[in-house]
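Engineer: Sharing a structure here in structure tokens format.
The values are calculated or read from the model by the stated rules, or taken from the named source; none is laboratory data. This one's a predicted model, so the numbers in the text were calculated from it and none came from an experiment. Please note: Cβ atoms are built from the backbone with ideal geometry, for glycine as well, and neighbour counts cover all protein chains shown. The protein model used for the area step is the full one, side chains on, heavy atoms only, and it has no ligands, DNA or RNA in it. Shrake-Rupley method; radii C 1.70, N 1.55, O 1.52, S 1.80 Å.
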Amino acid sequence: MCMAVKYPRLTVDPLVFAFFDGKLQLLLSVRENEPQKGEFAIPGGHSYADQTTLDAIANALQQKTVVSMTDLSYIEQMYFFDTQNVDPRGHAVTLSFLCLVRPDVGLRSLQQGALWVDAHNVPKLAFDHISIVERALSELKQKLLTTTLGQFLLPEECRLNDICRLYEAVFARSFDNRNFRKKFLSFDVLTDTNKKEQGVANRPSKLYKFTENRLVYLYELKL
């Protein structure tokens, strides 16, 4: 006689970050059902049979936020979280994804009712979600030190000051702007667009874009 085998539920959690209003922002939702109804949470969901995890993320974002899968400028699988004692529905295995959007998407979705919070001042979250957020922040910091991941949180054409401000927002500290710009230019990952910002009262800054639309290794950016 064969015994019934129980399997854990598979869930997906997209950690969606944006950079606007001078802050690193994290996209959250409010749980509409029990358990922990009314609590803030990562806008994740279940991944079912005959469905890819990316499909599951697309469904979760569509159902719980105003940000869509097509809004993402970057998505990468991160870690599995094995949670046995945090959800009364039982054992679940969660696959987290690092997701980024550009500032225009963040601002537009904010106007449409998206729930963005300061990523360094996250409210109380349901289940074990705070540990998932902390791991995602750690991953984001590490990738900013070693790759050009930050380009996916910035406009496609940006100022050197914008890059510096992004790093300051992610690492929650100030940098010497002149030294930062000099160091970042030394990596040779930016192209001068021969354009300058428009509509500013002070001296307009040059606009740059990243040379390649992919992650490029920075040989350990020391801040």
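Engineer: Taking into account only those residues within region 179-197 that are touching a residue at least 24 places away in the same chain (Cβ under 8 Å) and in a loop (DSSP other than H, G, I, E, B), which is farthest from LEU149 (Cα to Cα)?
Structural biologist: Among them, the one singled out is GLU197.
Engineer: In addition: With the structure loaded, tell me whether LYS6 is at pLDDT 85 or above and not hydrophobic (A, V, I, L, M, F, W, C) or whether it fails that test.
Structural biologist: Values: at pLDDT 85 or above: no; not hydrophobic (A, V, I, L, M, F, W, C): yes.
In short, no.
Engineer: Kindly check whether there is at least one residue in region 110-117 that is open to solvent by less than 50 Å² (accessible area, probe 1.4 Å) and of a type outside the set (A, V, I, L, M, F, W, C). Steps first, please.
Structural biologist: Restricting attention to region 110-117, the residues satisfying the condition of being open to solvent by less than 50 Å² (accessible area, probe 1.4 Å) are 114, 116-117.
The next check asks that each one be of a type outside the set (A, V, I, L, M, F, W, C); those that pass are none.
No, region 110-117 contains no residue that is open to solvent by less than 50 Å² (accessible area, probe 1.4 Å) and of a type outside the set (A, V, I, L, M, F, W, C).
Engineer: Pull up region 125-134, narrow it to residues that are modelled with pLDDT under 95 and out of contact with any Asp or Glu (no Cβ under 9 Å at 6 or more places or on another chain), then point me to the one that is nearest to PRO35 (Cα to Cα).
Structural biologist: The qualifying residue nearest to PRO35 (Cα to Cα) is ILE130.
Engineer: Can you tell me which residue is nearest to PHE19 (Cα to Cα) among those in region 53-74 that are aliphatic (A, V, I, L, M) and touching a strand residue (DSSP E or B) at 6+ places or on another chain (Cβ under 7 Å)?
Structural biologist: Among them, the one singled out is LEU72.
Engineer: Same structure again: Can you pull out every residue in region 75-124 that is more than 14 Å from the chain's Cα centre (by Cα), modelled with pLDDT under 95, of a type in the set (A, V, I, L, M, F, W, C) and not in a loop (DSSP other than H, G, I, E, B)?
Structural biologist: Correct list: PHE80, PHE81, ALA92, VAL93, LEU95.
Engineer: Here's something else I'd like to know. Quick check on region 18-67: of everything there that is open to solvent by 50 Å² or more (accessible area, probe 1.4 Å) and in a helix (DSSP H, G or I), which residue is nearest to LYS141 (Cα to Cα)?
Structural biologist: Among them, the one singled out is LEU54.
Engineer: Still on this model: If you take the residues of region 158-178 that are hydrophobic (A, V, I, L, M, F, W, C) and assigned to a loop (DSSP other than H, G, I, E, B), which of them is nearest to ASP21 (Cα to Cα)?
Structural biologist: Checking each candidate, the answer is ALA172.
Engineer: Quick one: would you say SER131 is within 19 Å of PHE40 (Cβ to Cβ) and open to solvent by 20 Å² or more (accessible area, probe 1.4 Å)? Break it down stepwise before answering.
Structural biologist: Values: within 19 Å of PHE40 (Cβ to Cβ): yes; open to solvent by 20 Å² or more (accessible area, probe 1.4 Å): yes.
In short, yes.
Engineer: Considering only region 198-217, state which residues are outside any strand (DSSP E or B) and over 26 Å from the mean Cα position of the chain (by Cα). Step through it out loud before you land on a result.
Structural biologist: Taking region 198-217 and keeping what is outside any strand (DSSP E or B), we get 198-205, 211-216.
Across region 198-217, the qualifying residues are GLN198, GLY199, VAL200, ALA201, ASN202, ARG203, PRO204, SER205.
Engineer: So, in region 135-157, how many residues would count as being assigned to a helix (DSSP H, G or I), open to solvent by 50 Å² or more (accessible area, probe 1.4 Å), out of contact with any helix residue (DSSP H, G or I) (no Cβ under 9 Å at 6 or more places or on another chain) and more than 29 Å from GLU32 (Cβ to Cβ)?
Structural biologist: 2
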